[in-house]
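Worksheet: one structure, shown below.
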Amino acid sequence: MAPELYGVSRVGTAQLIIMESLDEWRELAYYCGESKRTLPASTKVKLVTRLEQILHTLESNGMVHGDFRMNNVMIKAGEEEKAVLIDFDWAGKVGIARYPHNRADLVDYPGRSGGPIEAKDDRELFDSWKITL
């Protein structure tokens, strides 16, 4: 679901998170939109299946990601069924995790700035872009 976590540490008020390096991986957004790169239909099916599994895991554990956009999905060529999520800044428990007050309004996020992130929000965001694959 995410890169392997190696450790967490505090330095002053900052929290450092050390995770697996994804050197050979690319953002899903790299393959979509204006890049003119395409993924085979069979790969797209594997990706959607994997992302549905990730959403189910979050939902069944009462958790939200909060920023389920394609630029936060990493894939490795030839191993797309192993897609992982990155950027857990907004993640947390359903209804407790909150969107930042200063989130980018360029993205059509569900919910409201500063408001709670609800269970349906990740799915709504995913559904808004999965058809573009």
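The values are calculated or read from the model by the stated rules, or taken from the named source; none is laboratory data. This is a predicted model, so every value here is computed, not measured. Here Cβ is always computed from backbone atoms with ideal geometry, including for glycine, and neighbour counts include all displayed protein chains.
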Can you go through 23, 87 and tell me which one is part of a loop (DSSP other than H, G, I, E, B), under 24 Å from residue 120 (Cβ atoms) and without any contact (Cβ under 8 Å) to a residue 24 or more places away in the chain? 87
Can you name the condition, by its number, that residue 82 falls short on among (1) under 25 Å from residue 114 (Cα atoms); (2) without any contact (Cβ under 8 Å) to a residue 60 or more places away in the chain; (3) basic (Lys, Arg); (4) out of contact with any Pro (no Cβ under 8 Å at 6 or more places or on another chain)? (1)
So which residues in the range 100-128 are at pLDDT 90 or above, closer than 26 Å to residue 19 by Cα and touching a strand residue (DSSP E or B) at 6+ places or on another chain (Cβ under 8 Å)? 117, 121, 122
Yes/no for residue 118 being of a type in the set (Asp, Glu) and either closer than 19 Å to residue 43 by Cβ or in contact with a Leu (Cβ under 7 Å, 6 or more places away or on another chain) (or both): no
Residue by residue through the range 90-129, note down the ones that are basic (Lys, Arg), free of Cβ contacts under 8 Å to residues at least 60 places away in the same chain and not in a strand (DSSP E or B). 103, 112, 120
